[in-house]
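What follows is a short report on a single structure.
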């Protein structure tokens, strides 16, 4: 009988945990600034300057010979300092 209670109640206990994790993730995604160009130039940067920085970043990512998409290269550069510095070695 004890095993039956465990198998029955354990998934029920999982529901509040999943809701809590989802809520924390949602709040953190909206609370932490996510635009690297705005972080680099500051909150009072003009839209033209933001566009220039974003275009420069796209061009640097496009020059890298990896067959990955630009968005995958951007995520890799955020997580790996080695890949981030490797991006600049392929610039002309």
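FYI, it's all coordinate maths here, none of it is from the lab. Here the structure is a predicted model, which means the values were calculated and not measured. As a convention, Cβ positions derive from the backbone with ideal geometry for all residues, glycine included, and neighbour counts pool all protein chains shown.
First measure r as the distance between the Cβ atoms of residue 8 and residue 48, then evaluate 1/(1 + (r/R0)^6) with R0 = 35 Å and state the FRET efficiency to the nearest 0.05. Don't skip to the answer; put the middle values down first.
Details: r = 61 Å, r/R0 = 1.73.
For residue 8 and residue 48, the calculated efficiency is 0.05.
Could you give the angle, 0 to 90 degrees to the nearest 10, between helix 70-79's Cα long axis and the longest principal axis of the Cα atoms of the chain?
For 70-79 against the chain, the angle is about 70 degrees.
Could you state the angle between the C-alpha long axis of helix 47-63 and the longest principal axis of the C-alpha atoms of the chain, as a value from 0 to 90 degrees rounded to the nearest 10?
That works out to roughly 90 degrees.
What nm distance separates the two modelled labels at residue 15 and residue 35, each placed 7 Å from Cα along Cα→Cβ?
So the label points at residue 15 and residue 35 sit 4.0 nm apart.
What is the ratio of the Cα radius of gyration of the range 36-89 to 2.2 N^0.38 Å, with N the residue count, to two decimals?
It is 1.19.
Quick one: 2, 30, 90, fewest Cβ neighbours within 10 Å first, how do they rank?
Details: 2 6, 30 9, 90 12.
So the ranking, lowest neighbour count to highest, is 2, 30, 90.
Would you compute, from DSSP H runs of 4+ residues alone, the mean residue ellipticity of the chain at 222 nm, taking -39500 (n - 2.57) per run and dividing by the full residue count, rounded to the nearest 500?
Values: 5 runs with 72 residues, N = 92.
Calculated mean residue ellipticity at 222 nm is -25500 deg cm²/dmol.
Could you work out how far helix 2-31 tilts from the main Cα principal axis of the chain, as a 0 to 90 degree angle to the nearest 10?
Approximately 30 degrees, to the nearest ten.
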